[in-house]
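For reference, the structure discussed in these notes is given below.
Nothing in this text is a laboratory measurement; each read-out follows from the coordinates by a stated rule. Bear in mind the structure is a predicted one, so any value in this text is a computation, not a measurement. Cβ sites come from the backbone with ideal geometry, for glycine too, and all protein chains shown count toward neighbours.
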């Protein structure tokens, strides 16, 4: 026996937003962000620790070391971004560098979190992949997350260079690091934007330094 097909309910028309309603807010927000970033980047340009970080990364890769990178949330995305630029290409051709984001393998992350504890998710990978002469780079806005602190401590035990890029305050991860660069802003979104800019600057420096040596 044939059954009647029930008609789907009609979807009411939705009002269309007028872009002009957002134009003034957009201009204001972008102008404020431009001012914040300009001031913060000016301070970073005077921070001698940024050059020390660049030198440490170049030295690690020049002599066959590996760079491990980790962070939580938006900082996890930054870790993956950093690795992608150096294993792939940022602005010029170069050999692939040994750079590994510890945030990408869901089986490893969930196994460690389930079998041990979540605070071990990066430290155990550092113990697996890190070696003397390697470097660990940690992105963190707070500098207080247990998993990045334990990763820093694990790397120090393995005679690795620990680099942390944090927010403005002194922190546990900073105290566990060899080099710490604190972003000159107390706003987490701005800190993350500064991390992104610094990632691009560091990738450019690493590429330029090592690619020139490869071409010589």
Task: Residues of the range 58-115 satisfying the condition of being over 19 Å from residue 131 (Cα atoms), over 17 Å from the mean Cα position of the chain (by Cα) and touching a residue at least 40 places away in the same chain (Cβ under 8 Å) - done: 91, 92, 93, 94, 95
TODO: Assess whether residue 8 counts as being farther than 30 Å from residue 205 by Cβ, surrounded by 10 or more Cβ atoms within 10 Å (Cβ to Cβ) and over 21 Å from the mean Cα position of the chain (by Cα).
DONE: no
Open item on the list: What's the number of the only condition in (1) at negative phi; (2) part of a loop (DSSP other than H, G, I, E, B) that residue 143 fails to meet?
Closed with: (1)
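Here is a yes/no grid of residues against (1) assigned to a loop (DSSP other than H, G, I, E, B); (2) over 18 Å from residue 196 (Cα atoms):
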residue: 126; (1), (2): no, yes
residue: 152; (1), (2): no, yes
residue: 156; (1), (2): no, yes
residue: 165; (1), (2): no, no
residue: 168; (1), (2): yes, no
- [ ] Being free of Cβ contacts under 8 Å to residues at least 24 places away in the same chain and over 18 Å from residue 48 (Cα atoms) narrows it down to one of 128, 152, so name that one.
- [x] 128
TODO: Kindly indicate whether any position in the range 45-60 is over 23 Å from residue 210 (Cα atoms) and surrounded by 19 or more Cβ atoms within 10 Å (Cβ to Cβ).
DONE: no
Open item on the list: Taking the conditions exactly as written (closer than 18 Å to residue 201 by Cα and exposed (fewer than 11 other Cβ atoms within 10 Å of the Cβ)), does residue 80 satisfy them or not?
Closed with: no
Open item on the list: Here is a list: 175, 187, 169. Which entry is surrounded by fewer than 17 Cβ atoms within 10 Å (Cβ to Cβ) and over 16 Å from residue 40 (Cα atoms)?
Closed with: 175
Open item on the list: Just checking, does the range 116-123 include any residue being assigned to a loop (DSSP other than H, G, I, E, B) and within 19 Å of the chain's Cα centre (by Cα)?
Closed with: yes
